[in-house]
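Structure, as structure tokens:
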Amino acid sequence: MYSFDIERPTTLADALAALADDEAQALGGGQTLIPTLKQRLASPSKLVCLSGIEELKGISRDGDTLTIGGGTTHGTIARETAEGFPGLAGLASKIGDPAVRNRGTIGGSLANNDPSACYPAAAMACGATIVTNSREIAADDYFQGMFATALEEGEIITAVKFPVPESSAYIKFEQPASRFPLVGVFVAKYADRVGVGVTGASEEGVFRWTEAEAALGGNFAESALEGLSVSGDGMIGDLHGTGAYRAHLVGVMTRRAVAAAR
Amino acid sequence: MTKVTMTVNGKSVSGDVAGNTLLVEFLRSDLHLTGTHVGCDTSQCGACVVHVNGAAVKSCTMFAAEAEGAEVATIEGQANADGSLNTIQQAFQDYHGLQCGFCTPGMVMSAAALLKDNPKPSEQEVRAYLQGNICRCTGYHNIVRAIMAASGQEVPAVAAE
Ligand SMILES: Cc1cc2nc3c(=O)[nH]c(=O)nc-3n(C[C@H](O)[C@H](O)[C@H](O)COP(=O)(O)OP(=O)(O)OC[C@H]3O[C@@H](n4cnc5c(N)ncnc54)[C@H](O)[C@@H]3O)c2cc1C
Ligand code: FES
Ligand code: FES
């Protein structure tokens, strides 16, 4: 690792002040950033720890909206949404392993926008709102391709707001070594619409499979997906699988997610 | 340098650390607690698992400065007060849950975290919980058996897949 200073603010205001420095970077749970720093793929002169800021943590529900603080760990989300939003709890409980889940945060995952990250699929399917220190961004506008988001320099994800679906599920086909999804699909059923978010598959990053959304909107059953498929063009092809294989998995994971939704 | 103070295995300790000093480096190099191992240094293997405020974490993927004020528990603090092995450690010995022993500190710390939250896990739950702890030697069966024994449950003769 290159050398850097580390700051541990306890309020959002202090964190933002520390991040005003161009060379500073936020440190969430560190489960992506620390490995990146070790590989010398990032060289901030200062890291600003968000983990000591209580106002960024916690989960609250107001009617049908669930608000999750940006600094909330995967482990906390897995435990605390198990009853109210089992689809999201299921997603959180299968990220990495218990030690990763005890540190890694939803804000860090959404800010990083790894093309294989799990939460972006849920955010897209649910039409979540990404709340930052300065504005609210709709999921559709937030994700801008692999590792690219609408966030500005020094902008912090303070919370994520999810409209809670009637039923939902996330199914991923794990790449066995990293346990990141080779393809993961989040399906969310609402009274008036169905959302289908796909991660791991496209070279453009997370996307909504709108044809499946329309078909499932009329009939929320696996049979509604018969005959639907996504093209392998523009899908990620690598040593783990070709684009055509990933495209096929999108269909399979979607069917399984519909079957599993509760 | 940043000054950090934390409690490690019940004792208050402090030291001056660089921003990029990992918690595992502080434990091993500054405190000479070398029971916590570094297997991969890429967040995959779990040999470095310790508890921070009761939660299992990979100490190679956390900075020492982030543990300011925290209660840290390492393998060195696991034995009983009289120095004898605790229930989990003894079960690892009884059921041959280790061969070279490199992964063992992390395995024991993960097992302790699991049993604290879930005192009677199923075999499946034990296996799922150990997803982030890699062992190159044992093939895991005897580790799973040891943890089942430590939880006071029946030990499968040959652990199923
Ligand atoms: C072994 C292993 C397995 C994993 N498996 C999976 C998996 O299956 N699925 C999955 O989705 N992920 C997986 N992950 C990644 C994990 O979910 C990370 O926790 C997550 O990607 C990053 O969150 P973090 O809080 O650790 O962020 P950090 O690593 O601290 O930061 C990541 C990036 O986000 C920025 N950042 C952090 N917090 C904020 C914030 N609140 N606002 C704005 N920017 C911020 C940082 O500056 C940095 O650029 C795995 C990681 C490991 C080590
Ligand atoms: S050394 Fe920390 S996970 Fe391998
Ligand atoms: S006993 Fe050798 S790595 Fe597990």
Report task. Identify which of A:Ala169, A:Ala121, A:Ala18 has the largest mean-square fluctuation in a Gaussian network model of chain A, with springs joining Cα atoms closer than 10 Å. Result -> A:Ala18
Query raised in the report: For segment A:5-49, what is the relative contact order in percent, using Cα pairs closer than 8 Å and at least 6 residues apart in sequence?
Result: 58
**Report entry** Net dipole in debye of the protein assembly as shown [+1 Lys, Arg Cβ; -1 Asp, Glu Cβ; about Cα centre; nearest 20]
**Finding:** 1020
Query - Those lysines that a straight Cα-Cα span of less than 18 Å connects to A:Lys57, excepting residues fewer than 8 apart in one chain - result: A:Lys161
Report summary line: The farthest towards the positive end of the charge dipole of chain A, of the residues A:Gly184, A:Ala15, A:Pro115, given +1 on Cβ of Lys and Arg and -1 on Cβ of Asp and Glu, is A:Gly184
Query raised in the report: Percent relative contact order of segment A:173-249, based on C-alpha pairs within less than 8 angstrom and at least six residues apart?
Result: 23
Report summary line: Scoring only Lys, Arg, Asp and Glu (+1, +1, -1, -1) among other residues with Cβ under 14 Å from the Cβ of A:Ala89 yields +3
Query raised in the report: Does anything in segment A:109-129 have its amide N under 16 Å from the 7 Å Cα→Cβ label point of A:Thr210, and if so which residues?
Result: A:124-127
Report summary line: Per-residue average of other protein chain Cβ atoms inside 10 Å, peptide A:97-109 -> 6
Report task. Treat every Asp and Glu Cβ in segment A:5-49 as -1 and every Lys and Arg Cβ as +1, leave all other atoms uncharged, and give the resulting dipole magnitude about the Cα centre to the nearest 20 debye. Result -> 280
Query raised in the report: Of A:Thr199, A:Thr254, B:Thr36, A:Thr11, how do they rank once you tally other Cβ atoms within 10 Å and put the fewest first?
Result: A:Thr11, B:Thr36, A:Thr254, A:Thr199
Report summary line: Label model pair A:Glu222, A:Arg262: point-to-point distance (7 angstrom along the Cα→beta-carbon line) in nm is 1.6
**Report entry** Estimated vicinal HN-Hα couplings, Hz - segment A:136-148 in sequence order (Karplus 6.51, -1.76, 1.60; Gly, Pro = x)
**Finding:** 10, 10, 5, 3, 4, 9, 6, 7, 10, x, 3, 6, 10
Report summary line: Calc'd 3J(HN,Hα), segment B:22-28, phi into Karplus 6.51 cos²θ - 1.76 cosθ + 1.60 (θ = phi - 60°), Hz, glycine/Pro = x, comes to 6, 4, 5, 5, 4, 5, 7
Report task. Give the residue from B:Gln124, A:Ile156, A:Thr81 lying farthest towards the positive end of the charge dipole for the protein assembly as shown; charges sit on Cβ (+1 for Lys and Arg, -1 for Asp and Glu) and the dipole is referred to the Cα centre. Result -> B:Gln124
Report summary line: Within 10 Å of the Cβ of an average residue in B:106-115, the count of other chain Cβ atoms is 1
Query raised in the report: Relative contact order for chain A: what is it in percent, counting Cα pairs under 8 Å that are at least 6 residues apart?
Result: 16
**Report entry** Net charge over other residues, Cβ less than 15 angstrom from the Cβ of B:Ala111 (K, R count +1; D, E count -1)
**Finding:** -1
Query - When the convex hull of its Cα atoms is projected in every direction, mean area for the protein assembly as shown (nm²) - result: 21.0
Requested in this report: Pop out the ³J(HN,Hα) list for segment A:227-234 in order, Karplus 6.51 cos²θ - 1.76 cosθ + 1.60 with θ = phi - 60°, rounded to Hz; leave Gly and Pro as x.
Outcome: x, 8, 8, 9, 7, x, 5, x
Query raised in the report: Where nothing but the Cβ of Lys and Arg (+1) and of Asp and Glu (-1) is charged, how large is the charge dipole of segment A:167-261 around its Cα centre, in debye to the nearest 20?
Result: 320
Query raised in the report: If you look at just the Cα atoms of chain B, how large are its Rg and its Dmax in Å?
Result: 15.7, 53
Query raised in the report: In the neighborhood of A:Val230, defined by Cβ-to-Cβ distances under 10 Å, what is the net charge if each Lys or Arg adds +1 and each Asp or Glu adds -1?
Result: -1
Query raised in the report: How are the Cα pair distances of segment A:73-224 distributed, in percent, across 5 Å bins from 0?
Result: 2, 10, 19, 24, 22, 15, 6, 2, 0, 0
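Since every read-out is calculated from the coordinates, none of them should be taken as a lab result. Here the structure is a predicted model, which means the values were calculated and not measured. When we count neighbours, we look across all protein chains shown, and the Cβ atoms used for this are built from the backbone with ideal geometry, even at glycine.
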